[in-house]
Amino acid sequence: MRYARQESLIDKENQGLLKGKTVAIVGIGAIGTNSANLLARSGINLILIDHDEVDLTNLDRQSLFDEKDVGKLKVKAAKEKLSKINSSIKIKIFKEKLTEKNLDILYSDLVLDCIDNLEARFLINKFCVENKIPWVHAAAIKYSGIVFNFVPGSACFNCIYKNVDNIERCEDVGILNSVVSLISAIQASEALKILLGKNYEKDLIRINLQNNSFDKIKVNKDQNCKICNEEVKDIKKFDIKLCKTKGAYSVKLNKKIDIDFKKLKGYKIIIETPILLVLKVGNEEIVVHKYGEIIFKKLKDEKKIIKIANEILNKF
C-alpha cells in the first residue's frame, strides 16, 4: 500500500481525511518545491501558484526541477513531476502573480507561504483572516530560516510584521540549500498537524545552521491590529447562518435589513424586480432578496459562500 508507513503513524482514518484535503502553495521555488514534494507524497491535493520560469540558478535548491526544465513555467514543470510521484492526487495550477484581484485562487483547506515577496504575504494574510483559513509562513535566507503557523483566532502576519523596511533577498545574499530542505520539512509537518487537528506548534521556530541553533519565540496577538481585530468585529456584525435547502444554500443576517439595490449596480444583474435581484458574481449566480437573504443556486463551497455574502452585506 502506498501510504502504509504513514498510516502506521497517523492511522488509516486520518490518511483518508488527507485524501479530501487541498493545500494551496504560493511560490514554487526553493521552499515551495520541497514542501509540494512532501505533501504530494503524503496524499494531499495541491494548488500550485507561481508566474515564474525555471532558471539554471534554481537547480541547486529547487528539488523538483532538473536541467531539462530550464525555461519551463514552474507550475507546469512541478505538476508534471508531482503527477509522476503520485497520480492519485489532484493538482491545479495557476501561472499567475498573486494580486488583490485574484485572491480567490487561494481557496483551500490550508495555504503555504513559500514566497520571498512581503507584499504578497500581506495579501495572503488578509485573505486567510477574512476567510478563516490557516496558513503556514516559511522563509529562508543565508544559513537561517523561520516557520510560523497562522491559524484563525491567533496572531496574524500583520501583528508581527508591522514595520519592515529593508528585506534581504536570496539572490542578493545567497542561501544554503540544506536550510531550504529543513524549513520545508518543518512547514510540511506543521501543515499535516493542522489539517488533521493535531497539536501544532504555537511558537515561531527559528533555525540557524551556521551555529546549529534552534529557537522557539512566543508570539502574542496585537490587540490593536487592524486586520485580525476588524475580522472579529465582522463576525459579531454578520452572524451568518448557512442552511441547506433543496440543492441551494441560504445566507441570512441575524437581523432584517432593507437592501438598497442601487448599491449593487456594480455587479452583473441578470434579473431585477422590486423584491429581488439575480446577480452574476464571478462564475456564480446568486439571488439577493430585499430583506437581506442571499440564495446561492449552485455554489457548495461554504468558504466562498461566506466571502461573497460578506462582500455584499458589508455594503449595508
Counting only residues in region 1-20 that are of a type in the set (A, V, I, L, M, F, W, C) and more than 17 Å from Ser88 (Cα to Cα), the one modelled with the highest pLDDT is identified as Ile10
Here is a list of conditions, (1) under 21 Å from Leu59 (Cα atoms); (2) surrounded by 15 or more Cβ atoms within 10 Å (Cβ to Cβ); (3) in contact (Cβ under 8 Å) with a residue 40 or more places away in the chain, and Ile85 meets all of them except one; can you say which number that is?
-> (2)
Determine whether region 116-127 contains at least one residue that is within 12 Å of the chain's Cα centre (by Cα), surrounded by fewer than 16 Cβ atoms within 10 Å (Cβ to Cβ) and either over 23 Å from Lys81 (Cα atoms) or of a type in the set (Lys, Arg) (or both).
-> no
Is region 175-187 home to any residue that is at pLDDT below 85 and either in contact with a strand residue (DSSP E or B) (Cβ under 6 Å, 6 or more places away or on another chain) or in the same structural domain as Ile286 (by TED's automatic domain parsing) (or both)?
-> yes
For region 52-68, which residues satisfy the criterion of being out of contact with any Leu (no Cβ under 9 Å at 6 or more places or on another chain), assigned to a loop (DSSP other than H, G, I, E, B) and surrounded by 13 or more Cβ atoms within 10 Å (Cβ to Cβ)?
-> Asp55, Leu59, Gln62, Ser63
How do the strands (runs of 3 or more DSSP E) wholly within region 208-312 filter down when requiring 1 or more residues that are modelled with pLDDT under 75: which remain?
-> 241-244, 249-252
Name the pairs: first residue in region 27-49 and farther than 17 Å from Asp60 by Cα and without any contact (Cβ under 8 Å) to a residue 40 or more places away in the chain, second residue hydroxyl-bearing (Ser, Thr, Tyr) and crowded, with 24+ Cβ neighbours inside 10 Å, Cβ to Cβ under 8 Å, at least 6 apart or on different chains?
-> none
Determine, yes or no, whether Lys193 is closer than 22 Å to Asn158 by Cα and surrounded by fewer than 18 Cβ atoms within 10 Å (Cβ to Cβ).
-> no
So which pairs qualify, if the first residue must be in region 12-23 and under 7 Å from Asn45 (Cα atoms), the second must be of a type outside the set (Lys, Arg) and in a helix (DSSP H, G or I), the Cβ gap must be under 7 Å, and the two must be at least 6 apart or on different chains?
-> Lys21/Leu195; Val23/Leu39; Val23/Ala191
Those residues of region 1-11 which are part of a helix (DSSP H, G or I) and without any contact (Cβ under 8 Å) to a residue 40 or more places away in the chain, in sequence order | Ala4, Arg5, Gln6, Glu7, Ser8, Leu9
Quick check, is Ile205 surrounded by 14 or more Cβ atoms within 10 Å (Cβ to Cβ), assigned by TED's automatic domain parsing to the domain that holds Gln15 and either at pLDDT 95 or above or not β-branched (Val, Ile, Thr) (or both)?
-> yes
Please report, ordered by residue number, the strands (runs of 3 or more DSSP E) entirely within region 69-160 with at least 2 residues that are under 30 Å from Ile227 (Cα atoms), in contact with a strand residue (DSSP E or B) (Cβ under 8 Å, 6 or more places away or on another chain) and among the β-branched types (Val, Ile, Thr).
-> 135-141, 144-150
Failed item, numbered, when Asp104 is tested on (1) touching a residue at least 60 places away in the same chain (Cβ under 8 Å); (2) surrounded by fewer than 19 Cβ atoms within 10 Å (Cβ to Cβ); (3) touching a helix residue (DSSP H, G or I) at 6+ places or on another chain (Cβ under 6 Å) | (3)
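The values are calculated or read from the model by the stated rules, or taken from the named source; none is laboratory data. Treat the numbers as computed from the prediction; the structure is a model and nothing was measured. Heads up, the Cβs are rebuilt from the backbone with ideal geometry, glycines too, and the neighbour counts pull from every protein chain shown.
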